[in-house]
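Chemist: Okay, here's the structure, questions in a sec.
The values are calculated or read from the model by the stated rules, or taken from the named source; none is laboratory data. What you see is a predicted model, and the numbers here were worked out from it, not measured in a lab. Because the Cβ atoms are built from the backbone with ideal geometry, glycine has one as well, and the counts that use them run over all protein chains shown. Keep in mind that these areas ignore ligands, DNA and RNA; they rest on the heavy atoms of the full protein, side chains included. Shrake-Rupley method; radii C 1.70, N 1.55, O 1.52, S 1.80 Å.
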Amino acid sequence: MVNTLSHLGVGLLLSYALGLKGRKRLVLLFLSLLPDLDYFTYSVFTLISGSVSHEARNQLFYLLGHREFTHSIFFAFLVALLIWFSTKDRRFTFGGLQAVFLHILLDYTTSAKMRPFYPFSTEESALRAIYPFDPILNLLPLLPLYIVASEFVKNSWSTKDRDTWNRKLNGLNRFHSLVNRNEKKFYASVILVLLLWIVVFPVAKISLIRHVSDTEGTEISYRNTYPISIGKFLAAYSYSDTHYKLIKVSYWSGVEKSFYVEKVSVTGNVPDAQAYAERAGKLYSASVPQAIDYPVYSVSEENGLVTVVLSDARNPYVDKWPYFDTVYRFVFDRESGEYGVYESHYGRPEKKLDKNYFE
């Protein structure tokens, strides 16, 4: 997940590197943001999802959900085909493909949950190799935006103010002149640095995961090891039938800290707590999105109502993390067998979910 301005900067980098100007440059800027317009399609999905069947809801989520269809490789090529059939311009088509594809790649490399091979596969996948607020990924693409903005401000000033600018910021002016003389090479070089950054860290993560797996004597999931700060990750695995083991690791010191989380905890006397936890898990497994990788269940009972709170084992150990902070509360009526489900996220009120969410 890279910030919106940085995605926009990537589009500007591409347009300069390819020598696109005018309307084509503006279109490329739009395309660099296009995948995130699924915020609007997701709003449509939330409005209609309660009135369709469970199967239709799942398929609509794949098409309209955030970081779903518009963050797939198929979507990038579909956009490129539309550009080609409309313009027959090879350079513009290549730029459009790259604008969408690089947006997807940047999100895929950080921590976003995506289905990049939809519609051929609904498997969720992401590298999660770079911290979402990595300064290189977020700040380097801002360079062309800064250059364009500073040139605009400079040209809008009076002659006197412009002379003052030139005297006080002589070094910056020389940098601008250098960029203007070697525009295509400069911006192509910036893109190359970004691509190298995107390649180096996923490879480095492979070495780290192998080291931690050897240390723990078990296979650690590459996909489910999330960056929690620059160079640091949170990993987890099933330690036993009753507990997960969570590990904080880093490139500098390997395993830094570890702790255990109980898979099913019970408050009070609920003799069939395990059965209710399994029922909640089975209902959840039929839903999308699959936001929870390491499910933990907290079971309690009051006045014939069995409550099962389902969350991710990592949730309490990462402050305000938007990827596994979802909490589901299942309330089962022991006598009738009916149930209700409620969903909450940090900082948001709990909401009741429609029955077609799960069945």
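Chemist: For the range 264-277, which residues satisfy the criterion of being surrounded by fewer than 18 Cβ atoms within 10 Å (Cβ to Cβ) and in contact with a Ser or Thr (Cβ under 9 Å, 6 or more places away or on another chain)?
Modeler: Residues satisfying the conditions are SER265, VAL266, THR267, GLY268.
Chemist: Of the conditions (1) touching a Lys or Arg at 6+ places or on another chain (Cβ under 8 Å); (2) charged (D, E, K, R); (3) surrounded by fewer than 18 Cβ atoms within 10 Å (Cβ to Cβ); (4) closer than 24 Å to TYR108 by Cα, GLU256 clears all except one; give me its number.
Modeler: (4) is the only condition that GLU256 fails.
Chemist: Considering the range 323-338 alone, what residues qualify as being of a type outside the set (S, T, N, Q) and touching a residue at least 12 places away in the same chain (Cβ under 8 Å)?
Modeler: Matches in the range 323-338: TYR323, PHE324, ASP325, VAL327, TYR328, ARG329, PHE330, VAL331, PHE332, ASP333, ARG334, GLU335.
Chemist: Also, quick follow-up: Looking for something more than 24 Å from GLU124 (Cβ to Cβ), at pLDDT below 95 and small (Gly, Ala, Ser) - is there at least one such residue anywhere in the range 222-238?
Modeler: Scanning the range 222-238, I find at least one residue that is more than 24 Å from GLU124 (Cβ to Cβ), at pLDDT below 95 and small (Gly, Ala, Ser), so the answer is yes.
Chemist: Which ones in the range 21-42 are within 21 Å of the chain's Cα centre (by Cα), of a type outside the set (A, V, I, L, M) and open to solvent by less than 60 Å² (accessible area, probe 1.4 Å)?
Modeler: Correct list: SER32, PRO35, ASP36, ASP38, THR41.
Chemist: Same structure again: Using beta carbons and a limit of 7 Å, which pairs, at least six apart or on different chains, have the first residue in the range 343-357 and aromatic (Phe, Trp, Tyr) and the second one open to solvent by less than 90 Å² (accessible area, probe 1.4 Å) and assigned to a loop (DSSP other than H, G, I, E, B)?
Modeler: From residues that are aromatic (Phe, Trp, Tyr), the pairs are TYR346/ASP325; TYR357/SER287.
Chemist: Is there any pair with a first residue in the range 67-92 that is outside any helix (DSSP H, G or I) and a second that is open to solvent by 80 Å² or more (accessible area, probe 1.4 Å) and not charged (D, E, K, R) whose Cβ atoms are under 7 Å apart and which are 6 or more apart or on different chains, and what are they?
Modeler: If the second residue must be open to solvent by 80 Å² or more (accessible area, probe 1.4 Å) and not charged (D, E, K, R), the pairs left are SER72/PHE117.
Chemist: While we're here: In the range 88-105, how many are of a type in the set (A, V, I, L, M, F, W, C) and surrounded by fewer than 23 Cβ atoms within 10 Å (Cβ to Cβ)?
Modeler: Final tally of qualifying residues: 6.
Chemist: Is the range 46-54 home to any residue that is assigned to a loop (DSSP other than H, G, I, E, B), among the hydrophobic types (A, V, I, L, M, F, W, C) and either crowded, with 21+ Cβ neighbours inside 10 Å or modelled with pLDDT under 95 (or both)?
Modeler: yes
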